[in-house]
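**Q** A single structure is presented below for examination.
The values are calculated or read from the model by the stated rules, or taken from the named source; none is laboratory data. Just so it is clear, the structure is predicted and the values come from calculations on it, not from any experiment. Reconstructed Cβ throughout: ideal geometry from the backbone, glycine too, with neighbour counts over all protein chains shown.
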Amino acid sequence: MSNSENLPALDKSAPLRRSAGSRETDKQRIAELERQLRVSNGKLRMALDIGKLGSWERDLETGEITGSAEFKAYLGLKPDARLTYAELEAMFHPADVERINQAVAYAIRTRTDFNIEHRILKADGSVGHVHVRGGAIYEGDRPTCFVGVLQDIKERQRIREEMDQAQRRQEFLLRLNDQLSNIDDQYKIMEVAARDLCELLKADTAGYGEVYEDRGVVIVEREWSRGLISNEGKVEKLDNGSGILKILERRQAAIVNDVRTDPRLGDPAVQAFYSTINVRSCCAVPIHKNGRFTAEFYVYSSVPRDWTSDEVALVEDVAERTWLAIEKVRAETNLREIEARFKLIAESLPALVWIVDPEVRLTYANERWVKFSGLSPEEALGHSWMQAIHPDDMARMHEELKSVMRDHTPYTTEARYRSHNGVYRWHIIQAEPFYKEGTFCGWVGTSVDIQDLKETEAALRLSEERLSLAQRAAGIGVYDWDMITGKIVWTAEQEHLFGLEPGTFKGDISGWRERVHPEDLPPVLKIMEDTERRRETELNLSYRIVRPDKSIRFIDTTSVYFYDDKGTPTRLVGVNIDITRYKQAEQSQQLLIRELHHRVKNTLATVQAIVGSTARTSSSIDEFYQGFVGRIVSLARTHNLLTEDLWQKADLQELVATELGPYEDEARNRILIEGPDVELPSEAAVPVGMAIHELTTNAAKHGALSTFGGQVEVRWHVEPDGENAILHFTWTEHGGPRVTAPARQGFGSRLLQRVLSAQLQAQVNWDFREKGLHFSMTMPMPRGAPLFNPDR
C-alpha cells in the first residue's frame, strides 16, 4: 500500500466563476469519477473476497479502528461493533505484541509499509494466525492514520506446520536409519528406536515386543521409559482378553486415547494394570510378515492424548524400520555364524573345499588346497585348479562342464590332481550349485583324495578275481539267504556251479529247490527242518543237483544259521562245493578194486590159457618158450596201456590190437580188426578197454581163441548224429566150440554191462549164437576233456 491516496488534483488557482456549460461539464465529470470509483470499489471488494482479506483503518488521533465486515467477523465481532486499538492490541498474542509494535514504529519512521504475521486470541478462545499488511497516511510530515488489510493464514500456517513437521519426521527417520544401520546388536536397535520415537512424540514409554505363536505369548524384548515403571521382559498371553492384541492380530493399529474411558479396556484387571504402570493413552502397531503376527511396537503416554493419523503412521514406519534393522542384524549374525561354521568345517575336513563362480573361477579355497597345490593364497584362486588337473582328465571335464555350466546342475566326477611335488593323486569331485536370493552364484564343492582307495580297490578287485578263479577251479559257490524277506543272493561262482548264466538265478528258495535232485529234496528239507527245530547253528548237507543241461552234480554244503531273540531263524549263509569228481573217483576206485581182483583172476586164467594153447601148438620146449613169452609180453603191454595211460586218450584200434595181439596167428588169420581211426577220451577208453579185455579173456577161455581153428572179427564205424557222433562196435567169434547161453551172468558180463551202460550210455547186446558169440555196442562218442581225471 502506498503512503497517500491518489486523488484527482484540484486547480486551486482557477477562478470560482462557472458558466452554465462549465457546471454541466463538471457534473458529467463528477458522475464519471463516481462511476469509476464504484467500479474500483467493486473490484477491490472482489479482490478482498477472493483473497479472503479484511480491510481496516486506524485513526492515530482517536485510536478508533474501523474495518470491513470480513475483518470484524474474523475477530468474532459484530459488523457494527466499535473497536479501539487498545482492544485490538489485547487480542494480540502476548508473545507477538512487542514484535508488532516494532514493525509499526519502523514503518512510520521509514515511511514504508509494514508486513507481519502474528497470532490472534479470538473471542471463542481459539488462536488464529493472520498476515497483516498496511501503511500510514500522512498530512505533511504527520501520520494521521493507518490503513491496511488482514488475511487469515491459519490454513497456510497449518500446511506450513505440517510441512515442517513432515520435514522433522523425515529428518528423524533419516537419522534413525543412520543410527540403526550402525548397530550390530538387535536389542540395542530396539532400545534406540523406542527412545528416539518416544522423545520425538514427547511420550513417556515405547517398546518392542516379539510374538511367539508356538507359545501363545508376546514378550517385551526391550523398552525405553521416561521414569515410568518398565515392562521390559513382560510376557503377555495372546488371549489375555484385553482386546488390544486381538486388534493387532487383525493387522490393525490399536489406538487408545484414554485408557479410563475406552470401552475395550473396561475390565478392572486391565484398568489396574495400566494404572499401576501410570499409562493413560497408547498407540500400538502390529508387524505382520509372511502371513503371521511377528511383533508389536507401542508408545505409552501418562496423560490422555488424541493420536493423529500422522503420529500413527510414524509409529508404523518406525516399527517397520526397526523390524528390518533387527532382521538385517540377525541375518548378518547368522551369516557370520554360518561362514564361521563353514570355515571351521572346511578347514577341518580331510578334503579340498572350494567355491567357484558361474565361470568356474575359484573364489574360495581352504588351506588344504593351498598346501596341496603349493601356491600362495592369492595364486590359488581363479582358474589355477585347471592347471593342476591331469590333461587327460581336464579334456574330459571340459566337455562335461559345458552342460553343467549351462544348466547349473550338480556335478560329480573323478580326476587326478597334481600336488606341489608333481605327483598325481586321484580325487573324487562333488559340486552342488548354490543361490543367493534366487540368483545363481556358482558351485560349492569338495575334492576328496581317493588315491589310497583306488589302490585298495584295485588290490581288492585282483583279490576277488583270484578268489573267483580259485572258487571256480575248486567248484565252490557262496550263498546268503535272508529268511525274513526270502531273498537269496548267489555269487557268480554259485550260479556257475549250478549251470546258470551269471545273474539268472531267481533269487528265492524256489530257484534252489528246482535244481535239487527230486530224490534228494525231501531228505535235505527234513535235515534243515530238524536243524532249525533244535536251534543248531551249523548245517551240513550232501545232495545231488540237476543242471539245466540235465547233467547231475554232487554238492556238499556247509552253512551257518542265525536266529533272533525268539529263536526264529533269520539268515542262512553257506558254501557249496562241487564234489562230483570225488564221488565219481570214489565209485571208480571201488570199481577198479573189484576190477583188480577180477583182472588178477583173469590174468591167471589168461596165462593158463596161453600155456595150454602154446603147449598144444608147440613141437619143442624152445618153441613153447618163444610162443609163451610173446603172449605174456603182449598181455603186459595191454595192461600198461590200460593203467599207465588210463586218463589219456587212446586209439581204439591200438586198444583192440594190444588185447588180441597175443592170439594173432598170421598163418591162420585168427584175428580180423577193421575200422576207422577213433580217439577215445579216458572216460570212454577205460570202459571200452575193459570190455575188449573181458571179451578177449572170455574168447581165450571159452570161445574162439580157446581152440586151434577159432577166429575173432572186430569191426566198428562212426555215424554222425547232429553235433554228436555214434560209435557202432561189433565182436564176432566163429570156429570155436559150440556156444550155449550161460545159465547165469558171470562177474565179467555184469561188469561189462554196468560199465558200458552206466558210464557211456551205451546200448549193449549179447548174442550167444551156436557158431560163436556175437557182441554189439552202440554208444555216443564223448566230447571234451575227461570228467574224472585225478591229474587235473
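**Q** How many residues does the range 106-122 hold that are in a helix (DSSP H, G or I) and either among the acidic types (Asp, Glu) or in contact with a strand residue (DSSP E or B) (Cβ under 9 Å, 6 or more places away or on another chain) (or both)?
**A** Qualifying residue count, the range 106-122: 3.
**Q** Could you tell me which numbered condition Tyr298 fails, if it satisfies all but one of (1) more than 27 Å from the chain's Cα centre (by Cα); (2) outside the structural domain of Lys234 (by TED's automatic domain parsing)?
**A** Of the numbered conditions (1) more than 27 Å from the chain's Cα centre (by Cα); (2) outside the structural domain of Lys234 (by TED's automatic domain parsing), the odd one out for Tyr298 is (2).
**Q** Shifting gears a bit: Quick check on my filter: what residues within the range 388-399 are surrounded by 12 or more Cβ atoms within 10 Å (Cβ to Cβ) and either among the basic types (Lys, Arg) or part of a helix (DSSP H, G or I) (or both)?
**A** Within the range 388-399, Ala388, Asp393, Met394, Arg396, Met397 meet the criteria.
**Q** What is the residue count in the range 634-672 for residues that are assigned to a loop (DSSP other than H, G, I, E, B) and modelled with pLDDT of 85 or more?
**A** Within the range 634-672, residues that are assigned to a loop (DSSP other than H, G, I, E, B) and modelled with pLDDT of 85 or more number 1.
**Q** If you don't mind, another one. Filter the range 484-499 down to residues that are β-branched (Val, Ile, Thr) and within 28 Å of Lys566 (Cβ to Cβ) and give me whichever is surrounded by the fewest Cβ atoms within 10 Å (Cβ to Cβ).
**A** The extreme case among them is Thr485.
**Q** Now for a separate question. Read through the list (1) assigned to a strand (DSSP E or B); (2) free of Cβ contacts under 8 Å to residues at least 40 places away in the same chain, then give the number of the only condition that Arg466 fails.
**A** (1) is the only condition that Arg466 fails.
**Q** Moving to a separate point now. Inside the range 684-715, can you point out the residues that are in contact (Cβ under 8 Å) with a residue 60 or more places away in the chain, in contact with a Pro (Cβ under 9 Å, 6 or more places away or on another chain) and surrounded by fewer than 20 Cβ atoms within 10 Å (Cβ to Cβ)?
**A** Across the range 684-715, the qualifying residue is only Ser706.
**Q** Of the numbered conditions (1) over 33 Å from the mean Cα position of the chain (by Cα); (2) touching a residue at least 24 places away in the same chain (Cβ under 8 Å); (3) more than 25 Å from Lys237 (Cα to Cα), Val279 satisfies every one except a single condition; which is it?
**A** Of the numbered conditions (1) over 33 Å from the mean Cα position of the chain (by Cα); (2) touching a residue at least 24 places away in the same chain (Cβ under 8 Å); (3) more than 25 Å from Lys237 (Cα to Cα), the odd one out for Val279 is (3).
**Q** Could you tell me which of the residues Val370, Val404 is touching a strand residue (DSSP E or B) at 6+ places or on another chain (Cβ under 7 Å), more than 27 Å from Ala458 (Cβ to Cβ), of a type in the set (Val, Ile, Thr) and not in a loop (DSSP other than H, G, I, E, B)?
**A** Going through Val370, Val404 in turn, the sole match is Val404.
**Q** May I pose another question? Can you name the residue in the range 61-105 that is in a helix (DSSP H, G or I), of a type in the set (A, V, I, L, M) and surrounded by fewer than 12 Cβ atoms within 10 Å (Cβ to Cβ) and, of all such residues, is nearest to the chain's Cα centre (by Cα)?
**A** Per the criteria, the residue is Ala95.
**Q** Now for a different question. List the helices (runs of 4 or more DSSP H) that sit entirely inside the range 175-293 and contain at least 1 residues that are modelled with pLDDT of 90 or more and assigned by TED's automatic domain parsing to the domain that holds Trp307.
**A** In the range 175-293, 186-201 are the helices (runs of 4 or more DSSP H) which contain 1 or more residues that are modelled with pLDDT of 90 or more and assigned by TED's automatic domain parsing to the domain that holds Trp307.
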